[in-house]
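Working notes, beginning with the structure itself.
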Amino acid sequence: MSDPLVSIVVPIYGVERYLERCLDSIVGQQYRSIELILVDDGSPDGCGDIIRRYAAMYPFIRTVWQENQGLSAARNAGIAIATGKYLAMIDSDDYVEPEFISSLVETAEREDADVAICSFFFDFPNGFRVPFQLMTLQTNLSGEQAARMSLHLLRLPAFAWNKLCRTELFASNGITFPPIYYEDVATMPRVLMKARSVAIIRKPYYHYCLRHDGITGSFGSKNVTNYLQAVDIIRKFIFKEDLWKVWQEPYRDFLRTVEAYLTLAVTLQERNVPAKSRRQLLHGIHARIQDLRLPPDVAPSTESHGRDKLASD
């Protein structure tokens, strides 16, 4: 029996400095039945030349070229042409261990799981590296259990990049990444919910590389608005799936964690955001979180209260 094909989608924009490290880690995978889909999202630097060079060397590389539309659109474009049984997503400024794909595929096949998830490393700009262990002792979960657990941001984080998913989970359920920051938060719980089973690998194989110039390097009103939009997408999904009562406790915990995270992130922007703007943002966060505690069928006048406060910042 031949190894199942794995489609690896890499969205690329403005990462000339890191791209070769990422691609070298992928073409060096122990698992060989792969197609590597490189999506150039209108990158303004030398990424295009690097992509062409690697595509000329490796026949399993496919390329997509598009005007800049953002990370979500680049991921969606790659997923749309993926032909593999499984799908993996790797960010172009990160890199993976040689066993990344082989370990995920072996686990998914052995456990007959629709999704396999591994632990990962946080790589800091100074070269310091910290392993992040998924905070669950279970190695097999139902899709519903994994989706609910992914609302706990430290237990089973809703990142796209440390997971191997059956490709059909996206297209068959009409799931795409929304055009906002924190698109993973809005998307991966929905994907996990559609999985029959999810397998957990405690060993870390993915290196998430923190950058001073990345989304996490600065924090302003767009970050706040987009994060809360991601939460709203999940709120509506929970309601649509008739999980509002069943998931009430983890969802409320999720909201408390989000509010604490956004409050801290805004407070720490003392140098970048004026004091008045920070106060307005903090007030808007609190008001919007109160809105998000309610099911999405509340009166529009109540629902718009928190959004208006954020929009006025």
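Every number in this text was worked out from the coordinates using simple rules, so none of it is lab data. Only a predicted model underlies this, so the values are computations on that prediction, with no experimental measurement involved. Counting neighbours? That spans all protein chains shown, and the Cβs are built from the backbone with ideal geometry, glycine included.
List of remarks:
- Placed amide H near ILE201: partners under 5 Å, 5+ positions off or other chain: ILE117, CYS118, SER119
- Annotation: amide H-H contacts under 5 Å for CYS209 (H modelled 1.01 Å from N, sequence separation of 5 or more, or interchain): TYR95, ASP123.
- Taken about its Cα centre, the chain carries a charge dipole of roughly 780 debye when the Cβ of each Lys and Arg holds +1 and the Cβ of each Asp and Glu holds -1.
- Farthest toward positive dipole pole in the chain [+1 Lys/Arg, -1 Asp/Glu at C-beta], among ILE101, LEU38, PRO189: PRO189
- Here LEU294, LEU5, LEU134, LEU154 are placed in order of increasing Cβ neighbour count within 10 Å, fewest first, which gives LEU154, LEU294, LEU5, LEU134.
- Global geometry of segment 1-42, whether rounded, prolate or oblate, following the gyration tensor of its Cα atoms and the 1.5 cut on a/c: oblate
- Global form of segment 69-162, assessed from the alpha-carbon gyration tensor, a/c cut-off 1.5: rounded
- Sequence-distant lysines (8 or more away, or on other chains) whose Cα lies within less than 19 Å of LYS276: LYS222, LYS309
- Cross-link table LYS85/LYS236; LYS194/LYS245; LYS203/LYS240; LYS203/LYS245; LYS203/LYS236, entries beyond 26 Å C-alpha to C-alpha: LYS85/LYS236; LYS203/LYS240; LYS203/LYS245; LYS203/LYS236
- Longest DSSP-loop-exposure-free segment, GluC sites (Glu not before Pro), the chain, at most 11 other Cβ within 10 Å: 68-269
- The modelled label-to-label distance between PHE132 and HIS283, using points 7 Å beyond Cα along the C-beta direction, is 3.4 nm.
- Each residue of segment 31-43 was assigned a 3J(HN,Hα) from its phi angle through the Karplus curve 6.51 cos²θ - 1.76 cosθ + 1.60 (θ = phi - 60°); the sequence is 7, 9, 7, 9, 10, 9, 9, 9, 10, 7, 8, x, 4 Hz, with glycine and proline shown as x.
- Positive-pole candidate from ASN272, GLY48, ALA80, dipole of the chain, charges at beta carbon: ASN272
- Structure remark: mean-square fluctuation, Gaussian network model of the chain, C-alpha springs under 10 Å; the largest value among THR176, THR83, THR107 belongs to THR83.
- About the centre of its Cα atoms, segment 112-251 shows a dipole size close to 120 debye [charges on the beta carbon of Lys, Arg (+1) and Asp, Glu (-1) only; nearest 20 debye].
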